[in-house]
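Asks: First the structure, which I've put down as structure tokens, then a few questions once you've had a look.
The values are calculated or read from the model by the stated rules, or taken from the named source; none is laboratory data. Values in this document were obtained by computation on a predicted structure and should not be read as measured data. Ligands, DNA and RNA are stripped out before the accessible areas are found, and what is left, the full protein with its side chains, is counted by its heavy atoms. Shrake-Rupley method; radii C 1.70, N 1.55, O 1.52, S 1.80 Å.
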Amino acid sequence: MGLWLAWSLEGVGDAAEAAADVKAAIRALDISVARSRRSFDSDLPWRMLKTSADAMKAAMLDEGVKALESGRAWASTIGGVRVKLTPR
């Protein structure tokens, strides 16, 4: 199941890309969060963003997968992380 992933990291920016499945979308989000570390002057804001991203990954695997399997788009915001998954 191919999908379109769009995400936003507060204090960092927005991005989007095609992904083969939700696991690939999670890998893309992980890479983006890891790279975002250099955008922060101190470690605490980045750790808070990473905590939000970790919670988002769990939501993507649960609610996101269910929505995509039924052919619907799914979006959520947790802390400073916003993700939208759209079936392709």
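Asks: Nearest 10 degrees, 0 to 90: what angle lies between the long axis of helix 43-59 and the longest principal axis of the chain (Cα atoms)?
Replies: 10
Asks: Also, I was wondering about something else. Restricting to DSSP H runs of at least four residues, report the calculated mean residue ellipticity at 222 nm for the chain, -39500 (n - 2.57) per run over all residues, nearest 500 deg cm²/dmol. Working shown, then result.
Replies: Working: 3 runs with 37 residues, N = 88.
Theoretical 222 nm ellipticity from helices: -13000 deg cm²/dmol.
Asks: Probe radius 1.4 Å, ligands and nucleic acids ignored: give me the carbon and sulfur share of the accessible area of the stretch 29-88 as a rounded percent.
Replies: Percent of accessible area from carbon and sulfur atoms in the stretch 29-88: 51.
Asks: Right, another one. To test your reading of the geometry: what angle, between 0 and 90 degrees and rounded to tens, separates the Cα axis of helix 22-36 from the longest principal axis of the chain?
Replies: 10
Asks: Let me cross-check residue 54: its accessible surface, 1.4 Å probe, with only protein heavy atoms counted, in Å² to the nearest 10?
Replies: Roll a 1.4 Å probe over it and residue 54 shows about 60 Å².
Asks: With a 1.4 Å probe and all protein chains left in place, how much accessible area per residue does the chain have, in Å²? Kindly include the intermediate steps, with their values, before the conclusion.
Replies: Details: 5050 Å² over 88 residues.
Accessible area per residue, the chain: 57 Å².
Asks: In addition: For Rg and Dmax of the Cα atoms in Å, the choices are (1) 15.8, 61; (2) 19.2, 64; (3) 12.5, 42; which was calculated from the structure?
Replies: Only one listed value fits the structure, namely (3).
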